[in-house]
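Single-structure report; data block below.
The values are calculated or read from the model by the stated rules, or taken from the named source; none is laboratory data. Predicted model, so just to flag it, every value in this text is computed and none were measured. Reconstructed Cβ throughout: ideal geometry from the backbone, glycine too, with neighbour counts over all protein chains shown.
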Ligand SMILES: [Zn+2]
């Protein structure tokens, strides 16, 4: 019998879309299952041009944008596809974290396949589902306990919390009959929970892994500065200091650490922090939960307010936050006492908000990798039109390339597989064998 193998069905030469299949004899376990927003995806689907909800797998298979794995998809998701429904042949799916490029295709998976995930990730998925249009389907959800192994036949999976730009992320140690693989998921060493990552790497080294499956987001050309959360905070303080006008900002909607950092900066500068209805819902959902930082809570924290963006109709989940919500008129006349978070898709609010010229706009997200990024161009057009001053202040959710090299050199696996990167060939840890994986090819987990 051949030994255990690992096959990459996504995350290959692309950032996101991880789909990692580990097989050991008859046992088959998937790690992450998110959409690939690769160039190939963009060649066929764009903005409102998306796969049909009635035949999603068919529409993705047409362009080879989702793997042709038998016994994985639900009967419903396979509707119309030339891949027949079969009873599950995948025995479990482990999720590293709640970002869309890792969890976004859960909805298509057979409802009989159990999904293992951290409790905080489950909280986030529930929150995202309740306040948006994304669904994750119905599955047996098994909540993991840090450090407690889960056995799936020959395969034993040990979950370890790591730090990432969303709370509740896990990395995995995957023990098989022919060696141990370490899968990092997305992680960083410079964030507020860096000690989690350190512990994970310690546990990983202790296993003497034969395979390392690492994210490599920042391998290759890396325009990102290695800011820590603390650096972001002090730079934001500098922007707020002495600013006579409204301060605007934007960050990733589920980056709870960043929301807290920006809130605290606002509070200490005697400004109220004003968030969207969606952020208000998220903060309420995660408040007081053990795996999350201490967050400001709408309706309880005195210097936190909600911006009640005018809409024809509000969703049920938005209604509790409308009472006492601020409108554009209020923000316009009290700008110097406010720090308003505004997502890019809500930029038309600027037409009513009319921030004074030269008002700061704190852009707390990663810079685009490509110069031809249409979204970045549109953002720039809006900022220029309203004469806003952009301050790019962001701590990445990902390890820097030197940190990844140091990890690979320390773990000394037989093979290192860089995924979740556009530049796997640029990863050269000293003395290590790097395999730049091809999509759909099975590689041995073990070996010396
Ligand atoms: Zn992520």
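Only one of (1) assigned to a loop (DSSP other than H, G, I, E, B); (2) within 16 Å of the ligand (Cβ to nearest atom); (3) in contact with a strand residue (DSSP E or B) (Cβ under 9 Å, 6 or more places away or on another chain) fails for residue 437. Which number is that?
The one condition residue 437 does not meet is (2).
Only strands (runs of 3 or more DSSP E) wholly contained in segment 1-88 count here; list those with 1 or more residues that are touching a residue at least 24 places away in the same chain (Cβ under 8 Å) and in contact with a helix residue (DSSP H, G or I) (Cβ under 7 Å, 6 or more places away or on another chain).
Hits in segment 1-88: none.
Restricting to segment 163-178, and then to whatever is surrounded by fewer than 24 Cβ atoms within 10 Å (Cβ to Cβ) and away from the ligand (no atom under 16 Å from the Cβ), can you tell me which residue is nearest to residue 99 (Cα to Cα)?
173
Inspect segment 203-213 for any residue being outside any loop (DSSP other than H, G, I, E, B), touching a residue at least 60 places away in the same chain (Cβ under 8 Å) and within 16 Å of the ligand (Cβ to nearest atom) and give the result as yes or no.
So far as segment 203-213 goes, yes, one or more of its residues are outside any loop (DSSP other than H, G, I, E, B), touching a residue at least 60 places away in the same chain (Cβ under 8 Å) and within 16 Å of the ligand (Cβ to nearest atom).
Considering segment 329-387 alone, what residues qualify as being assigned to a helix (DSSP H, G or I), more than 28 Å from the chain's Cα centre (by Cα) and farther than 20 Å from residue 272 by Cα?
Listed by number, the residues that qualify are 351, 384, 385.
Quick check on this structure: which one of 112, 120 is in the same structural domain as residue 18 (by TED's automatic domain parsing) and either away from the ligand (no atom under 16 Å from the Cβ) or modelled with pLDDT under 95 (or both)?
The match here is 112.
Residue by residue through segment 20-52, note down the ones that are out of contact with any strand residue (DSSP E or B) (no Cβ under 7 Å at 6 or more places or on another chain) and surrounded by 24 or more Cβ atoms within 10 Å (Cβ to Cβ).
Step one: list which residues in segment 20-52 are out of contact with any strand residue (DSSP E or B) (no Cβ under 7 Å at 6 or more places or on another chain), which gives 25-26, 34-52.
If the condition is that a residue be out of contact with any strand residue (DSSP E or B) (no Cβ under 7 Å at 6 or more places or on another chain) and surrounded by 24 or more Cβ atoms within 10 Å (Cβ to Cβ), then 36 is the only one that fits.
Right, residue 220: away from the ligand (no atom under 14 Å from the Cβ), in contact (Cβ under 8 Å) with a residue 60 or more places away in the chain, out of contact with any strand residue (DSSP E or B) (no Cβ under 7 Å at 6 or more places or on another chain) and over 20 Å from residue 292 (Cα atoms) or not?
Values: away from the ligand (no atom under 14 Å from the Cβ): yes; in contact (Cβ under 8 Å) with a residue 60 or more places away in the chain: yes; out of contact with any strand residue (DSSP E or B) (no Cβ under 7 Å at 6 or more places or on another chain): yes; over 20 Å from residue 292 (Cα atoms): yes.
Yes; evaluated as a whole, the condition is true for this residue.
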